[in-house]
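A.B. asks: First the structure, which I've put down as structure tokens, then a few questions once you've had a look.
The values are calculated or read from the model by the stated rules, or taken from the named source; none is laboratory data. Everything quoted here is computed from the prediction, not taken from an experiment. Note that we place each Cβ from the backbone using ideal geometry, even for glycine, and neighbour counts take in every protein chain shown.
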């Protein structure tokens with residue numbers, strides 16, 4: 001039953017999900033496996049994490065932070081209530097409705113969240129007790145995927161701009177041959193990449209003031225988080241290898 | 001002469017720049033002002049920082065980490081050699097050639113970089129001694145600007161795809177009216193957003209394996225870093241205000 005914990009590679013394959021836990025708007029990433037879990041949470045100001053193995057899960061199931069019993073009548077083996085914990089927590093940490101969560105503490109140094117559910121007709125409590133993640137974790141799960149995604153999107157914008165210019169050249173040629181549109185509303189303006197970039201960026205900055213995974217921007221945000229997950233899972237392992245070797249090579253040079 | 005240090009707002013207005021310092025490929029962001037400086041450096045695995053005020057600069061100018069004298073014959077007032085330090089360090093921390101730097105130590109916990117120059121005909125040494133940045137700093141200077149930039153770029157991709165579809169409709173109408181191109185090479189393929197996204201993403205992931213601010217991708221990367229700086233400087237202050245209030249409101253709720 002002993003677990004060795006959840007590997008970094010497994011967690012990198014997971015997607016960030018926008019969640020609301022105990023009134024806190026957060027991004028969550030989690031992996032529950034073999035009576036162990038890892039959880040990352042961020043409000044974009046701070047990033048917290050928790051890593052729990054079988055023994056730690058077993059212990060916490062009974063005793064809470066105040067030293068009192070968390071689940072007084074719990075006699076189930078860890079595998080049984082871990083299965084239950086997964087069933088309750090996983091969908092909610094992936095963005096489903098999460099009324100069962102309440103936040104106990106939220107500061108730079110600590111994020112404690114309580115989950116209340118029912119196991120075999122008896123109340124079952126769990127507490128996620130997260131501490132600050134390391135910068136290395138933030139770089140792996142946020143900075144590098146976001147940089148890669150931004151690079152891809154930026155290239156796409158450039159390439160689509162070039163395609164639009166080619167369409168305009170084609171349209172211009174039709175016009176010069178005397179062709180006319182059957183319906184005036186089909187006419188498009190010539191695409192001016194420079195001015196488009198300028199006006200669009202000005203408008204878009206305003207949208208960015210909002211926390212992007214709420215409300216009207218949710219669909220866009222989910223798509224972005226999915227792109228990040230693609231980058232992480234498909235490319236991070238080779239990237240990390242290469243990068244690590246590059247990094248070590250640099251260090252060895254001195 | 002006393003300085004209160006460099007404010008976070010000032011540093012947020014600076015752009016990240018790809019630099020090579022003592023053989024290390026890094027991103028650098030710095031602000032030198034009023035005989036004080038702040039420096040952020042990252043290899044995308046870790047992020048280090050140093051914040052120095054007037055008194056600390058004065059003291060370090062003479063004594064190095066081993067307790068020996070860094071600049072034995074330095075008698076200049078701090079304002080004089082700080083001006084010199086700016087002149088030498090600033091362009092190099094913004095991406096100019098930087099042969100004057102050598103790295104003394106690079107680990108998760110420490111990044112020490114030595115700068116050698118000449119002041120009034122005498123060798124002048126400086127050591128930047130950076131320690132790990134906090135996650136809050138990484139979120140402010142990397143995660144949030146990158147998220148905002150990604151959101152903007154993603155919207156641009158969507159909008160340009162829509163424009164391309166409209167161009168195709170216009171072209172189709174010309175064709176249906178019997179128009180023909182004067183030169184066949186002007187013909188473009190109908191834009192298929194779905195398949196474009198799929199093939200492009202597959203190709204682009206491969207490019208992302210490279211450290212993006214080197215070599216052939218440098219121009220794209222600089223443009224991306226400039227976008228990040230735009231976001232940081234134009235929007236971060238209102239965003240941070242709003243966000244902080246939102247965050248506090250959330251916390252107060254419990």
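A.B. asks: Please state which of the following conditions residue A:105 fails to meet, knowing it meets all the rest: (1) in contact (Cβ under 8 Å) with a residue 60 or more places away in the chain; (2) in a strand (DSSP E or B); (3) surrounded by fewer than 18 Cβ atoms within 10 Å (Cβ to Cβ).
C.D. replies: Every listed condition holds for residue A:105 apart from (1).
A.B. asks: Sticking with this one: Residue A:170 versus (1) modelled with pLDDT of 90 or more; (2) assigned to a helix (DSSP H, G or I); (3) more than 7 Å from chain B (Cβ to nearest Cβ): which is the lone unmet condition?
C.D. replies: Against the list (1) modelled with pLDDT of 90 or more; (2) assigned to a helix (DSSP H, G or I); (3) more than 7 Å from chain B (Cβ to nearest Cβ), residue A:170 comes up short only on (3).
A.B. asks: Can you say whether residue A:62 is in contact with a strand residue (DSSP E or B) (Cβ under 9 Å, 6 or more places away or on another chain), assigned by TED's automatic domain parsing to the domain that holds residue A:116 and more than 26 Å from residue A:221 (Cα to Cα), as far as the supplied structure shows?
C.D. replies: When the stated conditions are applied, residue A:62 passes them.
A.B. asks: Could you check how many residues of region A:124-167 are at the interface with another protein chain (Cβ under 7 Å from one of its Cβ atoms), part of a helix (DSSP H, G or I) and closer than 30 Å to residue B:135 by Cα?
C.D. replies: Adding up the residues that qualify gives 17.
A.B. asks: Would a scan of region B:80-100 turn up a residue that is over 24 Å from residue B:20 (Cα atoms) and not in a strand (DSSP E or B)?
C.D. replies: Checked against the condition, which is being over 24 Å from residue B:20 (Cα atoms) and not in a strand (DSSP E or B), region B:80-100 yields at least one hit.
A.B. asks: Separate question: Considering only region A:49-72, state which residues are part of a strand (DSSP E or B) and under 14 Å from residue A:130 (Cα atoms).
C.D. replies: Listed by number, the residues that qualify are A:49, A:50, A:51, A:52.
A.B. asks: Given the options A:183, A:244, A:218, A:240, name the one that is exposed (fewer than 12 other Cβ atoms within 10 Å of the Cβ) and either modelled with pLDDT under 65 or more than 8 Å from every other protein chain (Cβ to nearest Cβ) (or both).
C.D. replies: A:244
A.B. asks: Here's something else I'd like to know. Condition check: within 28 Å of residue A:138 (Cβ to Cβ) and either surrounded by 20 or more Cβ atoms within 10 Å (Cβ to Cβ) or not assigned by TED's automatic domain parsing to the domain that holds residue B:114 (or both). Does residue B:94 satisfy that?
C.D. replies: Taking the combined requirement at face value, the residue does not satisfy it.
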